[in-house]
Amino acid sequence: MAQEDSGIQLLLGILSATGGALGAIALRELIQWVRRPKLQLTLDLSAMKPWNVSEIELIRHEAKYVRLTVHNNGKTVARHCEAKIEPMDDKGNSLFDPSILHWVRKYPAVYRSPSEQFAPISVNRNDHEFLDAIVIDYYPEGANVPNPSVSTVSHRPFRLQANSSYRLKITVFSENANPQTLTLRFSWDGTWEGFDKKCVSSVEV
């Protein structure tokens, strides 16, 4: 009988220790979940004004941008954030493979190689970063390029045609946060002046 009591006490001790360890693990996981990064995407039209651009090949021209603001409303840094864009028609049918978007902070004059320009970044807690999505370029006479030209700002640019309706699905992924998606509706009349706040909007899901 004494041996049985001893065995029961040993078993209870093991279960108590195991339960305590599991409880500690669960508590740690809960704290990490509460403090996790929380990404939020919003449409930013503040860059839809003419910018003077000097590219690496030194062809000066004007450009206007559609951008997204990526907020981190969580308690920790969102690590290894990468954004992809998928062009679709107005019915949601994919037109091109998803490609990687450009973070505004990756300025081409500083980050010369494509692998650097389109590399993932971290977004600090209670902070935000800007993401280029669409650009219109207007080159001077004699530049021998399509004028004006609208495309996605991605490592494999997709040319957006005038007088066509598109949906552009943008998703931001992070190593330690849930992915977030924002879909844009875009339609452009083919003119430099027509690339304005009326040609783009976010799609309510």
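Here, each number is a calculation from the coordinates, and none is a lab measurement. None of these values were measured; they are calculated from a predicted model. Cβ atoms come from the backbone with ideal geometry, glycine included; neighbour counts cover every protein chain shown.
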In nanometres, the difference between 0.36 nm per residue of separation and the alpha-carbon distance of ALA143 and LYS198 is 16.9 nm
In the stretch 93-168, the GluC sites (Glu not before Pro) that sit in a DSSP loop and have at most 14 other Cβ atoms within 10 Å of their own Cβ are GLU141
By Cβ neighbour count within 10 Å, fewest first, TYR111, TYR65 rank TYR111, TYR65
For 183-192, 97-106, ranked highest to lowest by mean beta-carbon neighbours within 10 Å, the order is 97-106, 183-192
Most packed first (mean Cβ within 10 Å per residue), the peptides 171-180, 86-95 order as 171-180, 86-95
With label points set 7 Å from each Cα along the Cα-to-Cβ direction at THR42 and THR76, the distance between them in nm comes to 2.6
For the stretch 68-75, Karplus-derived ³J(HN,Hα) couplings (6.51, -1.76, 1.60; θ = phi - 60°; whole Hz; x for glycine and proline) come out as 10, 9, 9, 8, 10, 8, x, 9
